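The values are calculated or read from the model by the stated rules, or taken from the named source; none is laboratory data. This structure is a prediction, so every number in the text was calculated from the model and none was measured. Cβ sites come from the backbone with ideal geometry, for glycine too, and all protein chains shown count toward neighbours.
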């Protein structure tokens, strides 16, 4: 999924920043992978030790061999969960497009993984308070991944400040083909993301898959409906963004709602997120690639809607602990207990991630520096940070000029002059 996200984000930036965005998106596959194996998995899934799991329990995968989680080996579970950790960090990169030092991003992303993602994963997926004390419902990471990443992206965008020209100059995607390719790749990978969280070929995996399909599809429709009403036409960018918004929204809910509930979750996420991405202009934060509007808002909507749409027939298989402790959704049980739990947990992760992310970003800003200069930004971050350009079109321009010159048809006046000269010689 991370390579698909690289295409999605890479197409959304301007041409002079595509390589930097690709690098920012894929570098967590190196840095976070190492951190995960060293102590991240242990922080997330070790025995509860206050703030997180015991970071020493499975350090360097010590003691993992021979153990099982559910029906699969713990090694396979750790490998599966590493993909969650990597993409959660990569998502935040979208808020920093075109202006963040690459070295600063490496430091920020590593610290964010340690201080924001690993603890949140412990709270939601491991033995932490959200799963085991509050008994909230989050099947595949609406809070730990999407709200967490979106809130972190908001804090980072605020500390970084706006891009040069933000709000006054158009900053359109340079390659919507890449965007659509990335979005459909994410959709495909998300089936493994959600259905795979069932940890087996079982009924929960089956309806998680179906609900993922429906959530993305109806959000696609909801987003382009907003565009059609508001702007007069649906766009490729809107379609791709709608898919992702639906995938985000259905992530926490895919094993707790019925297929009809998934249609509602997806459609509402598409509409709400299509409106939410415009908030950055109203409030003046430059969330370059709409991480806040899609992931924080979409994750929040999907998480909270479980409080209304949580179906006891589906929760009995995927969330029996929550069903026993908090009951089903308001529309089924008449009780708002689950809704209150979902709200508290979603807001807790959001506030925690925003505060910690802001502190990390601000500390980097005051020490090593976090942003390139205005002159460097105008030149293009690809050339400044990587000494490369995403596209070398010099040969294409030269060839096109030669073709154009060879196809130039002489004007009628010059043709008549040539004819006169020919006649005079005769």
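Among all residue pairs at least 6 apart or on different chains, which show Cβ distances below 9 Å where the first residue, located in region 383-396, is assigned to a loop (DSSP other than H, G, I, E, B) and the second is modelled with pLDDT under 80?
Once the first residue is assigned to a loop (DSSP other than H, G, I, E, B) and sits in region 383-396, no partner that is modelled with pLDDT under 80 comes close enough.
Considering only region 60-71, I want to know if a residue exists there that is farther than 19 Å from residue 360 by Cα, touching a helix residue (DSSP H, G or I) at 6+ places or on another chain (Cβ under 8 Å) and in a helix (DSSP H, G or I).
Yes, region 60-71 has at least one match.
Identify, by number, the condition in (1) outside any loop (DSSP other than H, G, I, E, B); (2) at pLDDT below 95; (3) under 20 Å from the mean Cα position of the chain (by Cα) that residue 131 doesn't meet.
Answer for residue 131: the failing condition is (3).
Would you confirm, using the coordinates I've provided, whether residue 44 is within 19 Å of residue 197 (Cα to Cα), in contact with a helix residue (DSSP H, G or I) (Cβ under 8 Å, 6 or more places away or on another chain), surrounded by fewer than 24 Cβ atoms within 10 Å (Cβ to Cβ) and touching a residue at least 12 places away in the same chain (Cβ under 8 Å)?
On the way: within 19 Å of residue 197 (Cα to Cα): yes; in contact with a helix residue (DSSP H, G or I) (Cβ under 8 Å, 6 or more places away or on another chain): yes; surrounded by fewer than 24 Cβ atoms within 10 Å (Cβ to Cβ): no; touching a residue at least 12 places away in the same chain (Cβ under 8 Å): yes.
No; evaluated as a whole, the condition is false for this residue.
So, residue 75, is that one out of contact with any helix residue (DSSP H, G or I) (no Cβ under 7 Å at 6 or more places or on another chain) and farther than 24 Å from residue 146 by Cβ or not? Reasoning before the result, please.
Working: out of contact with any helix residue (DSSP H, G or I) (no Cβ under 7 Å at 6 or more places or on another chain): yes; farther than 24 Å from residue 146 by Cβ: yes.
So residue 75 fits the description; yes.
Determine whether residue 291 is closer than 22 Å to residue 344 by Cα, over 16 Å from the mean Cα position of the chain (by Cα) and either crowded, with 20+ Cβ neighbours inside 10 Å or touching a residue at least 24 places away in the same chain (Cβ under 8 Å) (or both). Lay out the reasoning, then the answer.
Details: closer than 22 Å to residue 344 by Cα: yes; over 16 Å from the mean Cα position of the chain (by Cα): no; either crowded, with 20+ Cβ neighbours inside 10 Å or touching a residue at least 24 places away in the same chain (Cβ under 8 Å) (or both): yes.
Spelling it out, it is not the case that residue 291 is closer than 22 Å to residue 344 by Cα, over 16 Å from the mean Cα position of the chain (by Cα) and either crowded, with 20+ Cβ neighbours inside 10 Å or touching a residue at least 24 places away in the same chain (Cβ under 8 Å) (or both).
Just one of the numbered conditions (1) in contact with a helix residue (DSSP H, G or I) (Cβ under 8 Å, 6 or more places away or on another chain); (2) farther than 16 Å from residue 309 by Cβ; (3) assigned to a helix (DSSP H, G or I) is not true of residue 228; which one?
Only one criterion in (1) in contact with a helix residue (DSSP H, G or I) (Cβ under 8 Å, 6 or more places away or on another chain); (2) farther than 16 Å from residue 309 by Cβ; (3) assigned to a helix (DSSP H, G or I) is unmet by residue 228, namely (1).
Is it the case that some residue within region 352-371 is surrounded by 14 or more Cβ atoms within 10 Å (Cβ to Cβ) and in a loop (DSSP other than H, G, I, E, B)?
Yes.
Give me a count of the residues in region 256-288 that are in contact (Cβ under 8 Å) with a residue 40 or more places away in the chain, closer than 20 Å to residue 138 by Cα and more than 19 Å from the chain's Cα centre (by Cα).
Residues in region 256-288 being in contact (Cβ under 8 Å) with a residue 40 or more places away in the chain, closer than 20 Å to residue 138 by Cα and more than 19 Å from the chain's Cα centre (by Cα): 8 in total.
Just checking, does region 210-218 include any residue being within 30 Å of residue 323 (Cα to Cα), out of contact with any helix residue (DSSP H, G or I) (no Cβ under 7 Å at 6 or more places or on another chain), surrounded by fewer than 24 Cβ atoms within 10 Å (Cβ to Cβ) and without any contact (Cβ under 8 Å) to a residue 40 or more places away in the chain? Show your work before the answer.
Filtering region 210-218 down to residues within 30 Å of residue 323 (Cα to Cα) leaves 210-218.
Still in the running and out of contact with any helix residue (DSSP H, G or I) (no Cβ under 7 Å at 6 or more places or on another chain): 213.
So of that shortlist, the ones also surrounded by fewer than 24 Cβ atoms within 10 Å (Cβ to Cβ) come out as 213.
Retained after the next criterion (residues that are without any contact (Cβ under 8 Å) to a residue 40 or more places away in the chain): 213.
Looking for residues that are within 30 Å of residue 323 (Cα to Cα), out of contact with any helix residue (DSSP H, G or I) (no Cβ under 7 Å at 6 or more places or on another chain), surrounded by fewer than 24 Cβ atoms within 10 Å (Cβ to Cβ) and without any contact (Cβ under 8 Å) to a residue 40 or more places away in the chain, one finds at least one in region 210-218, hence yes.
Go through region 310-325 and count every residue that is in contact (Cβ under 8 Å) with a residue 40 or more places away in the chain, under 30 Å from the mean Cα position of the chain (by Cα), outside any loop (DSSP other than H, G, I, E, B) and surrounded by 15 or more Cβ atoms within 10 Å (Cβ to Cβ).
5
Looking at the structure I just gave you, is residue 86 closer than 30 Å to residue 169 by Cα and modelled with pLDDT of 95 or more? Reasoning before the result, please.
Working: closer than 30 Å to residue 169 by Cα: no; modelled with pLDDT of 95 or more: yes.
For residue 86, the condition - closer than 30 Å to residue 169 by Cα and modelled with pLDDT of 95 or more - is not met.
For region 12-34, which positions are under 21 Å from the mean Cα position of the chain (by Cα), touching a residue at least 12 places away in the same chain (Cβ under 8 Å) and surrounded by fewer than 24 Cβ atoms within 10 Å (Cβ to Cβ)?
Hits for region 12-34 are 14, 15, 19, 22, 23, 26, 27, 29, 31, 33.
Yes/no per residue for (1) free of Cβ contacts under 8 Å to residues at least 40 places away in the same chain; (2) surrounded by fewer than 19 Cβ atoms within 10 Å (Cβ to Cβ); (3) in contact with a strand residue (DSSP E or B) (Cβ under 9 Å, 6 or more places away or on another chain):
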| residue | (1), (2), (3) |
| --- | --- |
| 147 | no, no, no |
| 160 | no, no, yes |
| 164 | no, yes, no |
| 170 | yes, yes, no |
| 178 | no, no, no |
| 194 | no, no, no |
| 236 | no, yes, no |
